Amino acid sequence: MPAPTHSFTAIAAVYFILAGAPLAVAAVGHEAAGRGFWIEFAVGLGFVGFAMLGLQFALTAKFQRLSTFLGLDALLHFHRQAGLIAYGFILLHIGILIAASPDYAAFLDLRVDPVRALALWAAVGALTALVATTLWRKRLGIAYDWWRLGHAVLAALVLLIGIAHILRVGWYVDDVWKQTTWLGTTLAAAGLVAYARGWKPLVLRRRPWRVTAIHPERGQAWTLDLEPVGHDGMSFQAGQFAWLTLGESPFALAQHPFSLSSSATRRNPVSLTIKAMGDYTSTIHRVDPGAPAYLDGPYGSFVLDDEADGMVLVAGGVGITPIISIVRTLRDEGRCIPTLLVYGFASEDEALFLDELAAMGAGPDFCFVPVVEHPDDGQEGETGRVGAQLLDRHLPEDREGMRYFVCGPEPMMDVVEAHLRARGIPLERILSERFNLA
Ligand SMILES: Cc1cc2nc3c(=O)[nH]c(=O)nc-3n(C[C@H](O)[C@H](O)[C@H](O)COP(=O)(O)OP(=O)(O)OC[C@H]3O[C@@H](n4cnc5c(N)ncnc54)[C@H](O)[C@@H]3O)c2cc1C
């Protein structure tokens, strides 16, 4: 079900309270030191920036409920923006302090206190590397899995040096309860890393899976069937996804998210349909039946709620995978709700599940609109890209109670979302799943 706006507001409110909490902690029982506005302001920025860095760990700890509720893409988008703001706050903290009183430059002076200065330079360097490798990962040629590992290590380093800095400087943290609060929350942030990278894989190890079959699909894609080994598998809602780790160890570096493409009425086997897009996905076709695997999930809020009177599904390319699961599930449940599926693909050779969808397109409640970007000569039907005019030709007149699902390439999603909004569809009825997280 789409997350209600007031729930988003509640989560945002909790975030802002936690990010601002250090200011309240600092203010309790502290007497004004007469250092002037700019110095106090800079110290406040430092506290809030550091608290935001700590909260970054909570956003990426893969809490199933949080990511199911908000959506992984929204969560990671927020994580990214919050990280940039926290970085800005910390740079301003340093810059304003030195501008307000040049004595503060001594903190970074290797001649004054080499250990302290080295640690602070290391923290600023690590923070800058975190931001730069996130913004320019592809340009720097860093593989996603290595980037993820490096990101965690750099973040932990910044956290460690940051808390040491706060405690050593000692301003506003002179009481034992304040020091304990700071240490406790920093340890909690470190605990979140241990939870995501240690505890979760340990739990997964007790629930292994095995690849039972691998089917080639159109367009350089393969469907992997996976069966649970020694447990009852995974119950999921159509449209959700799971993190796949292939191999004997759930601690492996490579862990990638894929939508479950099979019907949610079927627990065994479950299927993932994976298109060769990069380093990892290009090796999927080499997986042998019988290969061990781990599935962490289900996650995601790209799911149909019971109150929907109808659905408009707009998919592009491999973005059809969560949508085929929704369509298959409704079919298997025998649930009839009016459905329009607009599916854009480059050419028929690339169109996943085309025959299955075309066969369903004959049903009274199901309208299938394939859109071929590069049609053969004389090809009938919709051609070109999925855009505003095409949508207007097919969107139903009665839009009350409809749910809208959008999944595909970024430019298509931007156009479709903007057009649906322009046609008066409320935001909470538009569900989007973005595959590109970086
Ligand atoms: C919720 C969700 C559902 C998805 N469902 C499907 C699906 O059903 N079928 C399908 O083919 N693809 C799906 N993807 C995309 C798939 O996860 C990426 O294409 C794949 O991880 C790319 O890895 P690569 O090394 O082959 O490509 P690369 O070229 O290294 O990466 C391409 C992009 O994929 C993303 N990515 C890469 N590695 C990871 C990782 N470990 N974790 C998170 N993101 C990563 C990054 O945004 C990266 O920029 C989904 C993605 C998300 C977020």
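For the range 253-278, the set of residues classified as open to solvent by 40 Å² or more (accessible area, probe 1.4 Å) and either more than 6 Å from the ligand (Cβ to nearest atom) or under 25 Å from ARG205 (Cβ atoms) (or both) consists of LEU253, PRO257, THR265, ARG266, ARG267, ASN268, listed by residue number.
State yes or no: is ALA346 modelled with pLDDT of 90 or more, buried (at least 17 other Cβ atoms within 10 Å of the Cβ) and within 16 Å of the ligand (Cβ to nearest atom)? Answer is no for this residue. Can you spot a residue in the range 296-310 that is farther than 23 Å from ALA74 by Cβ, out of contact with any Ser or Thr (no Cβ under 6 Å at 6 or more places or on another chain) and within 16 Å of the ligand (Cβ to nearest atom)? No; the residues of the range 296-310 include none that is farther than 23 Å from ALA74 by Cβ, out of contact with any Ser or Thr (no Cβ under 6 Å at 6 or more places or on another chain) and within 16 Å of the ligand (Cβ to nearest atom).
Checking each residue in the range 297-325 for being closer than 30 Å to PRO250 by Cβ and open to solvent by less than 10 Å² (accessible area, probe 1.4 Å) picks out TYR299, GLY300, PHE302, VAL303, GLY319, ILE320, THR321, PRO322, ILE323, ILE324, SER325. Condition first: among the hydroxyl-bearing types (Ser, Thr, Tyr) and open to solvent by less than 50 Å² (accessible area, probe 1.4 Å). Can you find one or more residues in the range 203-226 that meet it? Within the range 203-226 (the criterion being among the hydroxyl-bearing types (Ser, Thr, Tyr) and open to solvent by less than 50 Å² (accessible area, probe 1.4 Å)), the answer is yes, since at least one residue qualifies. Might you check whether a residue that is in the same structural domain as VAL43 (by TED's automatic domain parsing), within 30 Å of the chain's Cα centre (by Cα) and surrounded by 16 or more Cβ atoms within 10 Å (Cβ to Cβ) occurs anywhere in the range 93-100? Yes, there is a match, as at least one residue in the range 93-100 is in the same structural domain as VAL43 (by TED's automatic domain parsing), within 30 Å of the chain's Cα centre (by Cα) and surrounded by 16 or more Cβ atoms within 10 Å (Cβ to Cβ).
Scanning the range 232-249 for residues that are within 11 Å of the ligand (Cβ to nearest atom) and assigned to a loop (DSSP other than H, G, I, E, B) turns up GLY239, GLN240.
Among the residues of the range 107-130, is there at least one that is under 30 Å from ILE11 (Cβ atoms), of a type in the set (A, V, I, L, M) and either surrounded by fewer than 16 Cβ atoms within 10 Å (Cβ to Cβ) or touching a Ser or Thr at 6+ places or on another chain (Cβ under 8 Å) (or both)? So far as the range 107-130 goes, yes, one or more of its residues are under 30 Å from ILE11 (Cβ atoms), of a type in the set (A, V, I, L, M) and either surrounded by fewer than 16 Cβ atoms within 10 Å (Cβ to Cβ) or touching a Ser or Thr at 6+ places or on another chain (Cβ under 8 Å) (or both).
The criterion of being touching a residue at least 12 places away in the same chain (Cβ under 8 Å) and basic (Lys, Arg) does not hold for ARG393. Just checking, does the range 63-84 include any residue being within 23 Å of LYS178 (Cα to Cα), open to solvent by less than 50 Å² (accessible area, probe 1.4 Å) and modelled with pLDDT of 85 or more? Taking every residue of the range 63-84 in turn, none turns out to be within 23 Å of LYS178 (Cα to Cα), open to solvent by less than 50 Å² (accessible area, probe 1.4 Å) and modelled with pLDDT of 85 or more. The helices (runs of 4 or more DSSP H) found wholly in the range 43-148 and carrying at least 3 residues that are touching a residue at least 24 places away in the same chain (Cβ under 8 Å) and within 16 Å of the ligand (Cβ to nearest atom) occupy 64-70, 72-100. If you check ARG168, ARG210 for being of a type outside the set (S, T, N, Q), over 23 Å from the mean Cα position of the chain (by Cα) and outside any strand (DSSP E or B), only one passes: ARG168.
The values are calculated or read from the model by the stated rules, or taken from the named source; none is laboratory data. All of these numbers come straight from a predicted model, not from anything done at the bench. No Cβ is skipped: glycine too gets one built from the backbone with ideal geometry, and neighbour counts run over all protein chains shown. Keep in mind that these areas ignore ligands, DNA and RNA; they rest on the heavy atoms of the full protein, side chains included. Shrake-Rupley method; radii C 1.70, N 1.55, O 1.52, S 1.80 Å.
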